[in-house]
1. From the list B:GLY262, B:GLY275, exactly one residue is out of contact with any helix residue (DSSP H, G or I) (no Cβ under 6 Å at 6 or more places or on another chain), surrounded by 14 or more Cβ atoms within 10 Å (Cβ to Cβ) and more than 14 Å from chain A (Cβ to nearest Cβ). Which is it?
2. Identify all residues within the range A:33-46 that are surrounded by 18 or more Cβ atoms within 10 Å (Cβ to Cβ) and either polar (S, T, N, Q) or more than 29 Å from A:ILE159 (Cα to Cα) (or both); write none if there are none.
3. Out of B:ALA110, B:ALA38, B:ALA100, which single residue is over 30 Å from A:ASP120 (Cα atoms) and at pLDDT 90 or above?
4. Check A:ARG123, A:ARG112, A:ARG128 and return the single one that is within 14 Å of chain B (Cβ to nearest Cβ) and under 19 Å from A:PRO39 (Cα atoms).
5. Looking at the range B:71-108, which of its residues are touching a Lys or Arg at 6+ places or on another chain (Cβ under 9 Å), surrounded by fewer than 18 Cβ atoms within 10 Å (Cβ to Cβ) and either of a type in the set (Asp, Glu) or within 29 Å of B:ARG35 (Cα to Cα) (or both)?
6. For the range B:27-53, enumerate the residues that are within 23 Å of the chain's Cα centre (by Cα) and farther than 30 Å from B:GLU233 by Cα.
7. For the range B:42-62, give me each residue that is over 16 Å from B:ALA94 (Cα atoms) and within 14 Å of chain A (Cβ to nearest Cβ).
8. Those residues that are farther than 21 Å from B:SER299 by Cα, buried (at least 16 other Cβ atoms within 10 Å of the Cβ) and within 11 Å of another protein chain (Cβ to nearest Cβ), I need them from the range A:53-96; list them, please.
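The values are calculated or read from the model by the stated rules, or taken from the named source; none is laboratory data. Here the structure is a predicted model, which means the values were calculated and not measured. Counting neighbours? That spans all protein chains shown, and the Cβs are built from the backbone with ideal geometry, glycine included.
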Amino acid sequence: MTARTVMQQADISRALTRISHEILESNRGGSDLVTLGIPTRGAVLASRIGAILESIEPGSGTVGTLDVTMYRDDLNRTLTRTPQPTRIPPSGIDGKTVVLVDDVLFSGRTVRAALDALADLGRPRAVRLAVLVDRGHRELPIRADFVGKNLPSSLAERINVRLHDVDGAEDVAIEP
Amino acid sequence: MKHLVSTKSISRDEAIDILDVAEDMSDVAGREVPRLPALRGKTIVNLFYEDSTRTKISFEVAAKRLSADVITFSAKGSSVSKGESLKDTAQTLAAMGADAVIVRHPASGAAEVLARSSWIDAKILNAGDGTHEHPTQALLDAFTIRRRLHGDHARGHGLDGCRVTIVGDIEHSRVARSNVWLLTTLGAHVTLVAPATLLPPSVRAWPVEVAFDLDHALAAGPDVVMMLRIQAERMHESFFPTEREYSTHWGLDDVRMRRLPGNTLVMHPGPMNRGLEISSGAADSPMSTVREQVANGVSVRMAALYLLLIGNEAEVA
């Protein structure tokens, strides 16, 4: 069996535009928003969402990255992971609405790690979660606030997100 | 990495990897909670058979910032003074479940012995063994130089083309040895300057240039001048006539300091003998990186502990 493409480049950019609008709607405007991407692909998506937010409502596109490597609960079970930089905007996250961005929401463990990492950086007013793909199979009580596409999948399948900035091509595919 | 005993066996990619992780670690220091949970539940033992302020505290801070449990053990006040051997001490630590042992020992090769032996299967970090090596000091020196050269864009860079002059007691200096291997691996050009009595015979086989005249070496315009401590505790014979003569010929005094271009880095691994190998004016000048080196030491040691202790055993060579 070969990989099945479920989102093309245009689908991805439409989904990001919709998510950006939903973020502004739920936040009732663009004030005190900080969009933080989880490296690698979440960081790329966050900077794109930031650019869209900025174009809709100038001043709302503050972005950064949040590395969660050190907070993972599987550090001793997988091979050594090299941490990626964490870049928090100089204005900080205290009292802000932080939107976490990742490419795929699966077990929820990455998001759990991200919440721990955020707690060490400050105290946001609220934390929201935006993902490009929600593939189900949660192992923790975590859900996304903004979802690009719900993609019911079997545990045996692999969801592969490719983005131009990282992979040179752009699509979402299910691999058996 | 299985152990960190020597910088000789570190490849260029590994070295850059450690320095890059150290960059991430240094960001943690400025946070509201300067602590990462990565090594929660790990036990790290500081096993110090020799006196140390900087290295011992630095490793302790590094391990604590990564949430490990740290036990500090000094030979003074332990069963070592009752004659316990390194082997027995190691087996005791193994029985107590140490995940990593940071060892400083007056005998060259002590860390290597622990790493190779079957006494203990913890990760071994060499924190200085006799006159052999002190790898984390070299890593923090490389980190400090790289940061001063590349600033915030240091990630991924080596030290290619950087000219480093190391001055002083090369013979007894483990810092010099570790730095020679690491800095040349990273692409730097190293020159050693010392009185002939303080150069080891093996220096001819090292990938370095050797000079005897400090003024001459400084006139060549090195990017980095690293002054070494005169190790009175290891000098059991006379290597130079008097301290004053050493200082006149090989010390970085205020006159020599004034001749250096303003962008030269002046480094010293500490503790400094002010007035002997380095003048107070030189040690406290803005060109001096002495305090930066200490701060960077914590980041580099966090990176080393993280890379050694995290990951699946089977995956790591």
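1. On inspection, the qualifying residue turns out to be B:GLY275.
2. Once the filter is applied, which keeps residues that are surrounded by 18 or more Cβ atoms within 10 Å (Cβ to Cβ) and either polar (S, T, N, Q) or more than 29 Å from A:ILE159 (Cα to Cα) (or both), the range A:33-46 yields A:LEU33, A:THR35.
3. B:ALA110
4. Result: A:ARG112 is the single residue among A:ARG123, A:ARG112, A:ARG128 that is within 14 Å of chain B (Cβ to nearest Cβ) and under 19 Å from A:PRO39 (Cα atoms).
5. The answer is B:THR72, B:SER74.
6. Listed by number, the residues that qualify are B:ASP27, B:VAL28, B:ALA29, B:LEU39, B:THR43.
7. B:ALA62, the sole residue that qualifies.
8. If the condition is that a residue be farther than 21 Å from B:SER299 by Cα, buried (at least 16 other Cβ atoms within 10 Å of the Cβ) and within 11 Å of another protein chain (Cβ to nearest Cβ), then A:ILE93 is the only one that fits.
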